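*Asks:* The structure is given below, and queries will be raised subsequently.
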Amino acid sequence: MTMKQWNVRVMRRGQSVHIGRVAESTETLARCAALSRYGVSEDKAEEIERNRIAPRSAVIYPNEEFDVSPAT
């Protein structure tokens with residue numbers, strides 16, 4: 001199968017926020033790749049918030065809605 005670029009977006013404060021891209025052949029695999037690359041655990045999310053060690057827009061927090069769409 002041919003690899004495609006997929007945009008990864010999360011829903012925050014009622015808006016769609018672009019956090020990056022992943023390369024995969026299907027939407028399902030792109031969602032898995034997005035979680036693998038940008039997803040954080042509850043513990044890591046608490047650490048990020050407590051210590052401000054990473055920008056909030058760079059990760060997918062637990063229970064946060066996200067989607068992937070083909071990059072043009």
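Just so you know, all these numbers are worked out from the coordinates, no wet-lab data involved. Predicted model only: the values in this text are computed from it and were never measured. Neighbour counts run over all protein chains shown; Cβ positions are idealised from the backbone, glycine included.
*Asks:* Against the longest principal axis of the chain, how steep is helix 27-38, in degrees 0 to 90 to the nearest 10, with axes from Cα atoms?
*Replies:* 30
*Asks:* Further question: Sort Val68, Val40 so the one with the fewest other Cβ atoms within 10 Å of its own Cβ comes first. Let's see the in-between values first.
*Replies:* Numbers: Val68 22, Val40 18.
Placing the least packed residue first, the sequence is Val40, Val68.
*Asks:* Measure nothing fancy, just the Cα-based angle from helix 42-51's long axis to the longest principal axis of the chain, in degrees from 0 to 90, nearest 10.
*Replies:* Once rounded, the angle reads 60 degrees.
*Asks:* Could you check how many percent of all C-alpha pairs in the chain are farther apart than 20 Å?
*Replies:* So the portion of pairs separated by more than 20 Å is 30 percent.
*Asks:* Mind checking the dipole of the range 4-70: about its Cα centre, +1 per Lys or Arg Cβ, -1 per Asp or Glu Cβ, Debye to the nearest 20?
*Replies:* 300
*Asks:* Within 10 Å of each candidate Cβ there may be at most 14 other Cβ atoms; applying that plus a DSSP loop requirement, which trypsin sites (Lys or Arg not before Pro) in the chain survive?
*Replies:* Numbers: sites: Lys4, Arg9, Arg12, Arg13, Arg21, Arg31, Arg37, Lys44, Arg50, Arg52, Arg56; in loops: Arg13, Arg52.
Sparse-neighbourhood loop trypsin sites (Lys or Arg not before Pro): Arg13, Arg52.
*Asks:* Please report the relative contact order for the chain, taking Cα pairs under 8 Å with a sequence separation of at least 6, and give it as a percent rounded to a whole number.
*Replies:* 40
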